[in-house]
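Asker: Sending over a structure as structure tokens; questions will come in a sec.
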Amino acid sequence: MARQERAIRTRRTILEAAAAVFDERGYTSATIGEILDRAGVTKGALYFHFGSKEELAVGVFEEQLAITLPPQSSKLQELVDSGLVLARRLRSEPLVRASVGLALDQGAMELDRTPAFRMWFDQNVQRLAEAKAQGELLPHVDVAETAELLVGSFSGVQLLSQLRCQRQDLERRVVVMFEHFLPSIAVPAVLARLDISVERAERVLAQVQGEQGPGPEGVEVPEGVQVPERVVPAQVASGA
């Protein structure tokens with residue numbers, strides 16, 4: 001177990017270092033050497049977990065969704081929760097900020113940024129499909145088109161918030177987005193029961209942290225981070 005715990009901590013240290021370097025330098029200018037220096041690990045340790053700079057970027061991408069939120073009876077409430085929690089994590093977690101920054105880095109021409117959007121899109125499609133199966137969506141709603149619109153809307157809202165005030169008002173902007181977005185897709189009876197508030201993210205995150213408890217052998221688990229049962233080398237997401 002001690003070896004596994006060290007591997008988990010080392011992987012996290014490498015990801016945090018890569019996120020910081022990507023955020024400061026951009027993907028194209030960042031080098032493995034800079035990441036090694038920032039992480040304070042050997043080249044062998046880095047390549048045990050990540051086979052390339054691209055795999056490091058994919059690992060950073062995955063941090064957007066590296067959290068399991070409490071299930072809700074309403075799948076639309078789960079959709080709202082995921083957006084509000086992502087907004088909160090963008091303000092408080094450097095890894096998540098770097099993930100979004102990489103996904104929107106138009107200068108990273110050699111990096112396939114589609115996995116970041118694909119993972120996010122697929123998650124929204126799943127929740128919307130479940131919501132439709134439960135009768136929460138209006139009959140005309142196309143799940144795939146709605147998921148794509150939501151991803152695009154959130155991306156634009158967070159970018160505007162970043163430019164205007166370093167995302168200090170991001171949760172409020174996401175609430176406004178949902179207030180305009182949901183009436184066009186949700187059955188009125190369901191819409192009336194949804195909790196769409198700035199405070200919702202804090203309550204959900206507090207519940208997540210309460211359920212997770214401390215990390216193995218007293219190791220503190222960073223906010224919103226799941227501790228895997230086993231460590232395997234990261235693989236580059238497929239282009240499927």
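The values are calculated or read from the model by the stated rules, or taken from the named source; none is laboratory data. Computed from a predicted model, the values in this text were never measured in an experiment. Quick reminder, even Gly has a Cβ in these numbers, built from the backbone with ideal geometry, and neighbours come from all protein chains shown. The protein model used for the area step is the full one, side chains on, heavy atoms only, and it has no ligands, DNA or RNA in it. Shrake-Rupley method; radii C 1.70, N 1.55, O 1.52, S 1.80 Å.
Asker: Checking R38 against (1) touching an Asp or Glu at 6+ places or on another chain (Cβ under 7 Å); (2) charged (D, E, K, R); (3) open to solvent by 30 Å² or more (accessible area, probe 1.4 Å), only one condition comes out false. Which one?
Answerer: For R38, the failing item is (1).
Asker: May I ask you to list the residues in segment 142-172 that are touching a Ser or Thr at 6+ places or on another chain (Cβ under 8 Å), buried (at least 19 other Cβ atoms within 10 Å of the Cβ) and either more than 19 Å from L65 (Cβ to Cβ) or among the small types (G, A, S) (or both)?
Answerer: Selection gives nothing.
Asker: Sticking with this one: Restricting the search to segment 176-196, which residues are over 18 Å from R127 (Cβ atoms) and in contact (Cβ under 8 Å) with a residue 24 or more places away in the chain?
Answerer: Listed by number, the list is empty, since nothing qualifies.
Asker: Applying the selection to segment 63-104, what residues are more than 25 Å from C165 (Cβ to Cβ) and open to solvent by 10 Å² or more (accessible area, probe 1.4 Å)?
Answerer: Across segment 63-104, the qualifying residues are L65, A66, T68, L69, P71, Q72, S73, S74, K75, Q77, E78.
Asker: Contact list please: Cβ distance under 8 Å, first residue in segment 132-157 and closer than 21 Å to L86 by Cβ, second residue of a type in the set (F, W, Y) and open to solvent by 40 Å² or more (accessible area, probe 1.4 Å), pairs at least six apart or on different chains.
Answerer: Here the result reads A147/F121; E148/F121; V151/F117; V151/F121, each pair linking segment 132-157 to a residue that is of a type in the set (F, W, Y) and open to solvent by 40 Å² or more (accessible area, probe 1.4 Å).
Asker: Does at least one position in segment 102-110 carry a residue that is assigned to a helix (DSSP H, G or I) and under 29 Å from A206 (Cα atoms)?
Answerer: Within segment 102-110, one or more residues are assigned to a helix (DSSP H, G or I) and under 29 Å from A206 (Cα atoms).
Asker: How many residues are out of contact with any helix residue (DSSP H, G or I) (no Cβ under 9 Å at 6 or more places or on another chain) and assigned to a loop (DSSP other than H, G, I, E, B) when one looks only at segment 166-186?
Answerer: Adding up the residues that qualify gives 0.
Asker: Residues that are within 27 Å of Q209 (Cα to Cα) and in contact with a helix residue (DSSP H, G or I) (Cβ under 6 Å, 6 or more places away or on another chain): find the helices (runs of 4 or more DSSP H) completely inside segment 1-95 holding 2 or more of those.
Answerer: Passing ranges, in order: 2-25, 53-61, 75-92.
Asker: For K43, only one of the following conditions fails: (1) among the basic types (K, R); (2) without any contact (Cβ under 8 Å) to a residue 24 or more places away in the chain; (3) open to solvent by less than 10 Å² (accessible area, probe 1.4 Å). What is its number?
Answerer: Exception for K43: condition (3).
Asker: Related question: Can P139 be described as farther than 26 Å from L104 by Cα, open to solvent by 30 Å² or more (accessible area, probe 1.4 Å) and part of a helix (DSSP H, G or I)?
Answerer: no
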